[in-house]
Every structure is written in C-alpha cells, then in structure tokens.
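Shown next, in structure tokens, is the structure this report addresses.
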Amino acid sequence: MIQILVTKDKKGINKIIMKPVVKFFCVVSLIFAFILLGEGSYNLYTSLSKDNSYPIPSLVHEKSGSDIEIRISNEIGISKVVYKWNDNGEQMEYKGGGRNIISFELAIPQGNNVLNISVLDVEGNKTKFKGIPVEFSNEDTIKPRISIENNNGKLLITATDETELEYLTYQWEDGEVIKINASEEDKKTIKQEINTQKGNKKLTMVAVDKAGNENTQTKTISNKNNSYPVPTLTTEVNGNKVKLKISSGVEIDKVLYSWNDEETKEYKADNKMDVSFELDIPEGNNTLNVSVVDVEGISTNMDEVSIKSADAEDTTKPKISIENASGKLIIKATDETELDYMTYKWEDGEEVKIQPKAEDKKSITQEVSVEKGTKTLTITAFDKSGNQEVVNKKIVGSNGAQINVTYSDGKFIVKVTDEYKITKIQYTLNDEEFTINDLPQDAKEYEFTIPLEEGVTNYLKVNAYENDLMTEYKGKKTY
C-alpha cells in the first residue's frame with residue numbers, strides 16, 4: 001500500500017527564498033503525489049491547527065466496505081488519537097503508546113457522516129484535523145464474517161457483521177444444530193466457545209444477519225484428544241535479532257506477526273509442525289504480536305512479547321497484578337528485563353521486601369494472608385533500571401463465595417453463599433453459557449437448579465463473584 005507523507009515548513013518572520021532546483025523538486029513531488037492519489041491510494045488529510053511550531057502529524061485514510069482505515073505518522077511519538085462520528089457522537093480514544101506510526105480501523109455508521117479526529121503527541125501538542133466525510137449505504141448486501149480460534153484447547157467461533165446479526169449456528173457432522181441469537185448488548189458480534197471432538201469431524205458454522213445475508217463455513221477438525229492442540233512460542237534475543245520457535249500438534253500453514261500493532265507480515269510455514277525464523281528488532285522498546293494459523297484455518301493468538309533493541313533505554317515500569325486464591329492474595333510483579341525487588345505493606349504495618357529468584361529475574365510472586373475487614377494494601381515494584389510501579393488496593397477480607405453442588409432427579413442443585421454479598425453468578429453447562437441477572441439485592445444466599453441433558457456426560461462450571469473475588473466450581477455427571 002502506498003503511503004503519502006506531507007510535512008509543513010515552520011512559519012518564520014523572514015521570507016524564505018527557494019532556489020530553482022528546490023522549486024523544481026517540489027513541483028515534481030507534488031505531481032507525483034497527485035498521480036498516486038488518482039491511483040486509489042490513501043486519501044491525505046491536512047491539519048486545522050494554526051500553531052505549527054511543532055511537527056504536524058500526517059493523516060491518511062482509506063474506506064473498505066463498511067470500515068475506514070486511519071493511518072497517522074508523526075516525528076514526535078503519538079500519545080493518543082481522539083475521534084468521534086459527527087458533532088453529536090460519543091468521543092472515543094485510541095492509545096498511541098508513544099509510537100511514531102499507528103493505524104486502526106473503525107466501523108462506519110449508516111448514512112452520511114463526518115469523522116472528526118485530533119492527535120495528541122507525547123509532548124502535549126494537540127493537532128485537530130479537518131472532518132472526514134464518509135458515507136455508508138443503508139442497503140445491506142454484505143455477508144457476516146466467521147472466524148475460528150484456538151482458545152486454550154477449545155474452539156472460539158466469532159461471527160461479526162457491520163450492521164446487525166440475527167443468529168449463529170454450529171453443528172458437528174450429523175449432530176444437533178446449536179443456535180445462538182445475537183444479544184441485546186452487542187448485536188454486531190456473537191462469540192461461542194465449544195469443545196472439540198475426537199477424530200476427524202466436520203464442523204459447519206452459519207451466520208445470518210438481520211438483512212438475511214448468510215455465510216456458511218465448513219471445516220474438518222482433526223483432533224486426537226479432548227482438547228485442540230495449543231501451539232507454543234519461545235523467543236531468543238541475540239543483539240538486535242530475535243529468533244522465534246513455534247511448535248504445534250497440527251501442521252502450521254503460516255505465522256502472522258507485527259511489531260507494535262503496525263503492519264502485519266506473514267511467514268509461510270509450509271505445513272510443518274515445528275518452525276523457526278529470525279526477525280530484526282526495531283529500535284527502542286517494542287511489542288511483538290504473533291498468531292499461528294494451522295492447515296485447518298484455525299488461528300491461535302500467542303501471548304504478547306516485550307522486546308527491546310540492544311541500545312534501547314529501559315523506561316518501562318514493572319507490572320503488578322493481584323489475584324484471589326481461596327481467601328488469600330497472590331501478588332505478582334513482572335518486568336520485560338529484570339526486577340530488583342518488590343515490597344508490600346498493610347496500611348501502617350511492616351513493609352515486607354521480596355527479591356527475585358536467581359532462576360527467574362523477570363517475575364516475583366508472593367502469597368499474602370488476608371485479615372477480616374477492609375484494609376489498604378500497598379505494593380511497590382522496582383526494576384534494575386530504577387523504574388517504579390506502585391499499586392494501592394482496598395481489600396475486603398473475605399473467603400469469597402462458597403459453592404455447593406448436589407444432584408437430584410436429573411438436575412444439578414446449586415447453592416451459593418457469601419458472608420458479604422453475592423454480586424454475580426455465571427455457569428456453563430456443556431458448551432452453553434448463562435448469567436443470572438436477577439439476584440436479590442444484597443443476597444448472601446442463592447439457590448437454583450440446572451436440568452441435565454439426557455444420554456450424555458454433562459459438564460458444569462459455576463463462577464460466583466463477590467465483587468472482584470471469584471470462586472469456581474467444576475463438576476460432571478452422566479445422565
């Protein structure tokens with residue numbers, strides 16, 4: 001894709017006199033730019049900002065069906081992009097992360113619209129662009145899209161539509177057709193996680209939108225176990241190069257990768273189950289995104305990898321996370337390079353210091369007991385470069401919800417209790433997910449029944465919440 005970048009000279013008091021050769025070069029450049037625009041490249045947009053005492057970003061866009069792609073570049077790192085559709089639209093943000101080039105796609109609303117965009121760089125300079133007129137026809141002739149991903153051994157089917165979905169169905173060969181209707185909360189997307197089946201089985205998926213447009217996909221899923229094989233990714237950094245090693249239980253068709261959410265590139269794997277290749281590391285601190293697509297067309301998104309070039313200055317703070325584990329807290333600090341230490345302290349209590357183990361300098365994990373009542377926990381993490389992260393968290397001392405499940409007359413009987421308050425209950429029976437939304441206010445006890453399906457082994461998972469504390473139950477019953 002052709003990129004056209006336009007920079008503006010800073011206005012000064014003295015008049016600048018251009019030499020003939022410079023004038024000739026500029027005229028030729030402009031002619032070349034107009035030719036490219038006429039060939040269907042990105043549309044170039046100019047800034048409305050009057051003060052250009054700082055480098056002005058360049059914005060180009062391209063419409064593709066029901067979406068518009070925005071591409072912005074700037075000499076100064078981009079902090080965020082603020083945008084909204086029309087004058088009365090909701091203001092939204094896209095994080096730039098300090099990158100010099102960013103691109104993202106937006107769904108176009110129905111009718112005639114104007115897209116308003118402002119760019120804020122990392123030095124606080126704000127640039128407002130002229131509104132972009134974008135039209136999208138009310139006549140819907142576009143089919144929904146279907147994708148399928150490997151989600152920790154299960155298959156995640158996703159149907160999307162630019163307007164409104166009606167339903168999604170899936171079926172294993174001659175098995176029952178399972179139908180999922182679009183929810184009131186999100187009519188453009190339907191997601192369904194399903195278990196795989198042993199052997200070579202055909203999976204048929206159908207997505208239908210409100211206009212009656214239909215998309216049908218059939219895939220043959222080869223599986224030796226109860227869960228779909230999950231690829232593994234390891235990386236080895238040597239100077240300014242990184243080596244990627246990927247292993248999979250299914251032949252790999254291709255590997256997709258991108259640096260810092262920029263252009264996605266492809267590595268052809270030639271149907272091998274183990275592949276490795278090297279990439280040049282861009283200058284500075286980077287994020288590498290990798291997804292693996294196997295020969296069945298199923299993609300797996302791998303964990304994000306943080307990689308910096310050999311000469312990059314470490315300015316990234318450590319990350320801190322807190323999890324509940326049966327009434328205790330698991331606090332964890334991680335860093336992309338090397339941690340120095342982590343501390344935690346309960347309000348006016350003693351500060352406890354933990355250093356990383358020799359075998360893993362990038363993470364520190366500590367289990368912390370919780371007392372009854374509400375107290376503030378302060379956690380601090382330092383890396384070897386002196387970067388610091390601090391988290392203050394109010395902790396309500398509780399063991400969380402308790403889940404008791406019994407069986408009677410072809411039903412699971414589920415009883416949830418909590419000494420404070422049950423805030424949410426979710427459960428999954430086999431592949432179907434449910435949420436109980438009609439909980440009594442300040443409920444400390446709730447009981448409900450779940451009918452089993454006959455002739456099969458029923459798998460039940462129940463998640464009960466006390467605010468951020470989650471308790472999980474898993475069980476099965478053949479009926």
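The values are calculated or read from the model by the stated rules, or taken from the named source; none is laboratory data. From a predicted model like this one, the values you see are computed outputs, not experimental measurements. Don't worry about glycine lacking a Cβ; one is built from the backbone with ideal geometry, like all the others, and counts go over all protein chains shown.
A few remarks follow.
- Index of the failed condition, THR196 passing every other in (1) closer than 28 Å to MET273 by Cα; (2) of a type outside the set (A, V, I, L, M, F, W, C); (3) not in a loop (DSSP other than H, G, I, E, B): (3)
- Residues satisfying the stated conditions in the range 206-239, i.e. over 30 Å from GLU164 (Cβ atoms) and touching a Leu at 6+ places or on another chain (Cβ under 9 Å): THR220, TYR228, LEU233, THR234, THR235, GLU236
- In the range 108-131, the residues that are part of a strand (DSSP E or B), closer than 11 Å to ILE68 by Cβ and modelled with pLDDT under 90: none
- Any pair with Cβ under 9 angstrom, 6 or more apart, that starts in the range 401-420 at a residue that is modelled with pLDDT under 95 and ends at one that is of a type in the set (D, E, K, R) and buried (at least 17 other Cβ atoms within 10 Å of the Cβ): ALA401/ASP418; ALA401/GLU466; GLN402/ASP418; ASP418/GLU466; GLU419/GLU466; TYR420/GLU466
- Members of the range 138-186 found to be under 16 Å from ILE108 (Cβ atoms) and surrounded by 11 or more Cβ atoms within 10 Å (Cβ to Cβ), listed by number: ASP140, ILE142, ARG145, THR160, ASP161, GLU162, THR163, GLU164
- Of the residues contained in the range 430-450, none is found to be closer than 30 Å to GLY349 by Cα, of a type outside the set (Phe, Trp, Tyr) and not assigned by TED's automatic domain parsing to the domain that holds LYS179.
- Test: residue in the range 413-421 that is surrounded by 15 or more Cβ atoms within 10 Å (Cβ to Cβ), within 26 Å of the chain's Cα centre (by Cα) and not in a strand (DSSP E or B): no
- Qualifying residue in the range 133-142 (condition: touching a Pro at 6+ places or on another chain (Cβ under 9 Å) and within 29 Å of ILE180 (Cα to Cα)): yes
- Candidates are the residues of the range 168-193 that are touching a Lys or Arg at 6+ places or on another chain (Cβ under 6 Å) and in a strand (DSSP E or B); the one that is modelled with the highest pLDDT is THR169.
Each row is one residue, and each column tells you yes or no for (1) within 18 Å of the chain's Cα centre (by Cα); (2) of a type in the set (A, V, I, L, M, F, W, C); (3) part of a loop (DSSP other than H, G, I, E, B); (4) modelled with pLDDT of 90 or more.
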{"position": "ASP87", "(1), (2), (3), (4)": "no, no, yes, no"}
{"position": "LEU106", "(1), (2), (3), (4)": "yes, yes, no, yes"}
{"position": "PRO133", "(1), (2), (3), (4)": "no, no, no, yes"}
{"position": "ASP140", "(1), (2), (3), (4)": "no, no, yes, no"}
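- The set of residues in the range 147-182 being on the phi > 0 side of the Ramachandran plot and small (Gly, Ala, Ser) consists of GLY153 alone.
- Contacts under 6 angstrom Cβ, first residue in the range 360-371 being farther than 28 Å from SER306 by Cα, partner part of a strand (DSSP E or B) and among the basic types (Lys, Arg), 6 or more apart: SER369/LYS328
- For the range 304-344, a residue qualifies if it is within 29 Å of the chain's Cα centre (by Cα), surrounded by 13 or more Cβ atoms within 10 Å (Cβ to Cβ) and small (Gly, Ala, Ser), and the qualifying residues are SER306, SER309, ALA312, ALA333.
- In the range 57-92, the residues that are on the phi > 0 side of the Ramachandran plot and either among the charged types (D, E, K, R) or in contact (Cβ under 8 Å) with a residue 40 or more places away in the chain (or both): GLY65
- Residues that are within 21 Å of ASN150 (Cβ to Cβ), outside any loop (DSSP other than H, G, I, E, B) and of a type in the set (S, T, N, Q), drawn from the range 259-297: ASN271, SER276, ASN289, SER291
- In the range 345-382, residue surrounded by the fewest Cβ atoms within 10 Å (Cβ to Cβ) [restricted to those that are among the charged types (D, E, K, R), touching a Ser or Thr at 6+ places or on another chain (Cβ under 6 Å) and assigned to a strand (DSSP E or B)]: LYS353
- Meets criteria (closer than 25 Å to GLU193 by Cα, at pLDDT below 90 and in a loop (DSSP other than H, G, I, E, B)) for GLY455: yes
- Set side by side, the residues ASN113, ASN125 differ, and just one is buried (at least 16 other Cβ atoms within 10 Å of the Cβ), touching a residue at least 60 places away in the same chain (Cβ under 8 Å) and either over 19 Å from the mean Cα position of the chain (by Cα) or not assigned by TED's automatic domain parsing to the domain that holds GLU62 (or both), which is ASN125.
- Selection status of VAL250, surrounded by 15 or more Cβ atoms within 10 Å (Cβ to Cβ), modelled with pLDDT under 90 and over 22 Å from the mean Cα position of the chain (by Cα): yes
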